[in-house]
1. For the range 332-364, what are the residues that are surrounded by fewer than 17 Cβ atoms within 10 Å (Cβ to Cβ) and touching an Asp or Glu at 6+ places or on another chain (Cβ under 7 Å)?
2. Consider the range 279-294. How many of its residues are in a loop (DSSP other than H, G, I, E, B) and out of contact with any Leu (no Cβ under 9 Å at 6 or more places or on another chain)?
3. Please find, within the range 123-142, the residue that is surrounded by the fewest Cβ atoms within 10 Å (Cβ to Cβ) out of those that are within 13 Å of the chain's Cα centre (by Cα) and either at pLDDT below 95 or within 22 Å of Glu232 (Cα to Cα) (or both).
4. Identify the residue in the range 365-391 that is in a loop (DSSP other than H, G, I, E, B) and small (Gly, Ala, Ser) and, among all such residues, is most open to solvent (accessible area, probe 1.4 Å).
5. Do any strands (runs of 3 or more DSSP E) entirely within the range 153-264 hold 1 or more residues that are without any contact (Cβ under 8 Å) to a residue 60 or more places away in the chain, and if so, which?
6. What residue, among those in the range 37-62 that are assigned to a loop (DSSP other than H, G, I, E, B) and without any contact (Cβ under 8 Å) to a residue 12 or more places away in the chain, is nearest to Ile233 (Cα to Cα)?
7. Please specify each residue of the range 82-112 satisfying the condition of being more than 14 Å from Phe241 (Cβ to Cβ) and in contact with a Lys or Arg (Cβ under 7 Å, 6 or more places away or on another chain).
8. Whether any residue in the range 87-101 is assigned to a loop (DSSP other than H, G, I, E, B), out of contact with any strand residue (DSSP E or B) (no Cβ under 8 Å at 6 or more places or on another chain) and of a type in the set (A, V, I, L, M, F, W, C) is what I want to check.
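The values are calculated or read from the model by the stated rules, or taken from the named source; none is laboratory data. Being a predicted model, the structure only gives us computed values, none of them experimental. All Cβ positions, even for glycine, are placed from backbone atoms using ideal geometry, and neighbour counts span all protein chains on display. Protein only, heavy atoms only, side chains kept; ligands, DNA and RNA dropped before computing areas. Shrake-Rupley method; radii C 1.70, N 1.55, O 1.52, S 1.80 Å.
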Amino acid sequence: MKHFLIYSSLILLSSACASRNAMEVTVTNSSEIDRTGEIVQVPVSAAAQRLGSEYFYVTDAEGNELPSQMTYDGYLIFPATVAAGDVATYSILPSDTLRSYHVVTTGRVYPERADDLSWENDKAGFRAYGPATQKKGERGFGYDIFLKHDVGRPIIEEIITTHLDPANKAIHDSLKKVDPEKAKEFSHSISYHWDNGLGMDCYAVGPTLGAGTAALVENDSIFYPWCWDTVEILDNGPLRFTADLTFTPATVGTDTAVIEHRLITLDAGTFLNNCKVSYEGLTKPYSIIAGIPLRDEMPAMMDAEEGWVAYADPLQREGNGRAQLGVLFPQGVDSVKVAHGHVLGYAKFEPTDTLEYLFGFSWDKENIPNMEEWGKYLSGVATSAPLTVEF
């Protein structure tokens, strides 16, 4: 199975007359949709060679400085805005220092919350359960999600620490002795399970694939992954979060020591994570799936040709709206269907393959208002050519 490059394609052009003080970058949008704030990338090595600097900053055609980030794998990334069928020009310039920008995309491990790995950008938040959850026997196999209002800053750190603050627990316990109703109201006001103006976690994962986890399949049996064992955060904002997760050896079919690896990347400005999944210890081919559990009568959406599935989860408690979840397979799928209580995409998987796919969601109360528009968004991602970067 070949790998599919989801980020902007790169074309290196020689330019003998290029300025020694600025490196011009042109970004071309050959698709039929406008691209706003989409992250593009240029090799740091190319900028260093051209500009003779260790650090850089980026400006648009009007000279306005844009946020940028140097990534663990050697790229300088920045947001590009290009109208359909148009070209935009940017400049990379040398800097004396590493510049600081408003953090949009970030995450960390929360040992105080059962070793969760939680991360977010300006659109959505996500969680992958860690070893403490598995030790408790809590069978949360898939990704969890945090719904976010557009408050212009990360929220997960704030809502989790408020939820777990011992001082708040003491206030709640004191109120409960004298006024149980006020104690209940106070509990809701500090809980990240309730919307207090920033966002919340009101999605149920349980023994499912949650918000788009991948799993191996044999003879119509799903081998659900459990919790990650180790994690290394490779990028942590301001524009990109990347985490490398390794899982405890598990039994998959007749293979008894299978180790799963996931590389998850989330950029600013998108609803979708990129995830690369590979395995050690496989001795034969399997099918691989990724998908979303179905909770009620709401029909799933799917497109085998474009390679995506979607579903609007009802969330917990009336009034919270729906989380419009999606999984997209740029490499293509063999089939999409409803099975095992999920809407799933299926693909063949050889022991040495890597599955690269996208997963994420929008919130109908905040971002994309309905499933029709969410389907258009997924279709646009699936069918639009990547931005082309030339320098």
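1. Lys348
2. Residues in the range 279-294 being in a loop (DSSP other than H, G, I, E, B) and out of contact with any Leu (no Cβ under 9 Å at 6 or more places or on another chain): 5 in total.
3. Within the range 123-142, the subset within 13 Å of the chain's Cα centre (by Cα) is 123-128.
When the remaining residues are screened for being either at pLDDT below 95 or within 22 Å of Glu232 (Cα to Cα) (or both), the result is 124-128.
On the way: Ala124: 25, Gly125: 23, Phe126: 25, Arg127: 26, Ala128: 27.
That would be Gly125.
4. Filtering the range 365-391 for residues in a loop (DSSP other than H, G, I, E, B) gives 365-370, 384-387, 391.
Next, from what is left, pick out any that are small (Gly, Ala, Ser): 384-385.
Details: Ser384: 27, Ala385: 42 Å².
Per the criteria, the residue is Ala385.
5. Numbers: elements: 214-218, 221-223, 228-236, 240-247, 250-252.
Fully inside the range 153-264 and qualifying: 221-223, 228-236, 240-247, 250-252.
6. The first filter runs over the range 37-62 and keeps only residues assigned to a loop (DSSP other than H, G, I, E, B), leaving 52-54, 60-62.
Within this subset, residues satisfying the condition of being without any contact (Cβ under 8 Å) to a residue 12 or more places away in the chain are 54, 62.
Values: Glu54: 23, Glu62: 35 Å.
Restricting to residues being assigned to a loop (DSSP other than H, G, I, E, B) and without any contact (Cβ under 8 Å) to a residue 12 or more places away in the chain, the top hit is Glu54.
7. Answer for the range 82-112, where residues must be more than 14 Å from Phe241 (Cβ to Cβ) and in contact with a Lys or Arg (Cβ under 7 Å, 6 or more places away or on another chain): just Val82.
8. The answer is no; no qualifying residue exists.
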